[in-house]
Amino acid sequence: MIAISTLPDVIVLIILGLVSAAIVGRYMAKVFVGRPTFLDPVMRPVESALLRLMGVDASRQMRWKEYAVALLVLNATATVFVFVLLLLQGYLPLNYWNAPGMNWDLAVHTALSFDTNTDFQHYTPELQTSLFSSLFGLMMMMFLSAASGISVGVALIRGFLRKDGTIGNFYLDVTQAFTRVLLPISILGALMLILAGVPQTLAQSVNIVPLAGPAQGIPLGPVAAWDSIEWLGSNGGGFYAANGASPLQNPSAITNLIAIFLMLIIPFSAPFMFSRMVRKEGEGRPLLIAALTIFLVAILLFLYFESYNPFLMSTGISQAGGPLVGAEQRFTLPESALFQIASVYGNVGSTSMSIGALTPGAQADLLWGMFIQGAPGGDGTGFGLLLINTLLAIFVGGLMVGRTPEYLGKKIGKYEMRWSTVVILSHPFAILIPTAVAFIFGLAQFSPAGLPSHQFTAVLYEFTSESANNGSSMGSLIDNTLYFNLAGAVVMTVGRYLPMIAMLAIGGTLASQSPLPPGPGTIKTDSSTFTVFLILFITIVTGLLFLPVLVMGPFAQGLLGGG
């Protein structure tokens, strides 16, 4: 049963989030076009110092290849640093639980996981990483990966604004994404979480004496600060293995709502930022409505599938109090549904429910969000993928009606379509090839075993989550193995950097064109007709690519009676 009493809270939060996203989006547009903001007196000296430290000329504008090289070099350097840190953490300070250095394959997976904004954890974070590794390695990467995603999204948008072939300065963009967007909002988020009861301390444990049994040590740390950038930065890796279901990390309905707000604020601000940057207020509306429509339908489907479990009903067990399997009882179903859909459709990957215990329909709903990746998607890159789908829709729509495929005065030609097609097709290849290899060579092990369809869904979910840079997991798959660590590292890298390079390439070629005035053959992209067409286009293309594997996994699981 759905707890109707909490539905107004969910509706109010969505409305508040959209209003706040409009404000943040307009603020971000000012930041990335170089207009004055209220943070200038505080942040401009900090940014100048950081850029001088890096030896960067902030006035130098980059073409897309130079921008891409800077992106790859900075992120690769940080990844190597975190990899070494994880290998040596047993010899470093702030290691109360005496966590040893990670095995090399697990360290590779973890370093690349946090570098690619995936934050997929093949380990128990509160016990297998030291506080030193978490603070100076993993948390640093959560800021860098989010800032890199925002920078690439902004660079793609600049392609519609310029005609000299440049798309900005990566080092300036990533610095401003950190100082002007992520840092101030994450500080406010951490303060709200602290006030709501989330721990924030450099103490690594507290000893408690239960009513029965010996004293126990409870892992602690800067949980509120970690939570804030985890949810704000589309990261998702939990301070605790239970993530959003942990009473220390997410203790109440209030912190649950704060988490949802942080997960949605930047992704849904992107269409507002886009409208302001291209100086056409109506152009962001179809993209916002398309992402919001898919998002809201996903919530309704999740509520439908989880409002009752047919397998429990067949046993005569009452579900009047809400879902009994896979749900955290501190939260109602609408609260849990909004958290989980916001997390997966926003490519965050944080969990407050046991995904492996959800109904097959709910699992399929979550997979669908990771197949799309742009409703609303992760920080920066989610909107970039939505723009790529928009370019494809304009190209196909133009061919269907015999009109010139152009968008915001820029022609959409074979170069843009080549890169867009690579992005769309690389996602299923990155998912299906390692999934097939895992089963062909018997590399997948499960605990508990479960039905074959459930096993297939678990492996499919693993690689889908990694390719989408999501980071959530179904849990039954034993994934800390050589194959899943290395295959996952490759999938995460391809899933992250191939689309980012494609976005920069498309932005670069658009920035090389002189804008054309709209003509009689130009598709009106700020209309309700195009909005409906875009929603249908995304749905149909995603279905053509992924419906067969959904039939083999969650749909078969439901038909065979597997819960």
> For the stretch 200-231, which residues satisfy the criterion of being assigned to a loop (DSSP other than H, G, I, E, B), in contact with a strand residue (DSSP E or B) (Cβ under 9 Å, 6 or more places away or on another chain) and either farther than 29 Å from Gly189 by Cβ or among the aromatic types (Phe, Trp, Tyr) (or both)?
Replying inline: Val209, Pro210, Ala215
> Can you tell which of Ala556, Ala502 is over 30 Å from Gly450 (Cα atoms) and assigned to a helix (DSSP H, G or I)?
Replying inline: Ala502
>> Looking for something under 19 Å from the mean Cα position of the chain (by Cα), of a type outside the set (D, E, K, R) and on the phi > 0 side of the Ramachandran plot - is there at least one such residue anywhere in the stretch 105-128?
In response: yes
> Looking at this structure, is Val31 on the phi < 0 side of the Ramachandran plot, assigned to a helix (DSSP H, G or I), of a type in the set (Val, Ile, Thr) and within 26 Å of the chain's Cα centre (by Cα)?
Replying inline: yes
>> If the requirement is being touching a residue at least 60 places away in the same chain (Cβ under 8 Å) and either buried (at least 23 other Cβ atoms within 10 Å of the Cβ) or assigned to a helix (DSSP H, G or I) (or both), which of these qualifies: Ile150, Ile194?
In response: Ile150
> If you scan the stretch 100-121, which residues turn out to be acidic (Asp, Glu) and not in a loop (DSSP other than H, G, I, E, B)?
Replying inline: Asp105, Asp115
> Here are Leu94, Leu156, Leu161: which of them is outside any loop (DSSP other than H, G, I, E, B), in contact (Cβ under 8 Å) with a residue 12 or more places away in the chain and farther than 18 Å from Val494 by Cα?
Replying inline: Leu156
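Listed residues Ser275, Ser234; which is of a type in the set (Ser, Thr, Tyr) and in a helix (DSSP H, G or I)? Break it down stepwise before answering.
Working: Ser234 fails: in a helix (DSSP H, G or I).
That would be Ser275, the only listed residue that is of a type in the set (Ser, Thr, Tyr) and in a helix (DSSP H, G or I).
Can you name the residue in the stretch 170-225 that is of a type in the set (S, T, N, Q) and under 24 Å from the mean Cα position of the chain (by Cα) and is also nearest to Pro267 (Cα to Cα) among such residues?
Of everything passing the filter in the stretch 170-225, Ser186 is nearest to Pro267 (Cα to Cα).
Taking Ala78 as the residue in question, decide whether it is of a type outside the set (D, E, K, R) and modelled with pLDDT of 95 or more.
It is true that Ala78 is of a type outside the set (D, E, K, R) and modelled with pLDDT of 95 or more.
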> Does any residue in the stretch 343-370 that is at pLDDT 95 or above and in a helix (DSSP H, G or I) come within less than 8 Å, Cβ to Cβ, of a residue that is of a type in the set (Phe, Trp, Tyr) and surrounded by fewer than 24 Cβ atoms within 10 Å (Cβ to Cβ) six or more places away or on a different chain, and which pairs are these?
Replying inline: Tyr345/Phe295; Ala364/Phe555; Asp365/Phe305; Leu367/Phe546; Trp368/Phe546
> Among the listed residues Ala70, Ala49, Ala78, which satisfies the condition of being closer than 18 Å to Ala502 by Cβ and either in contact with a Gly (Cβ under 6 Å, 6 or more places away or on another chain) or not in a loop (DSSP other than H, G, I, E, B) (or both)?
Replying inline: Ala70
> Within the stretch 511-539, can you find the residues that are touching a strand residue (DSSP E or B) at 6+ places or on another chain (Cβ under 9 Å), within 28 Å of Ile294 (Cβ to Cβ) and modelled with pLDDT of 90 or more?
Replying inline: Thr525
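The values are calculated or read from the model by the stated rules, or taken from the named source; none is laboratory data. Given the structure is predicted, the values throughout are model-derived calculations rather than measurements. We place every Cβ from the backbone using ideal geometry, glycine too, and count neighbours over all the protein chains shown.
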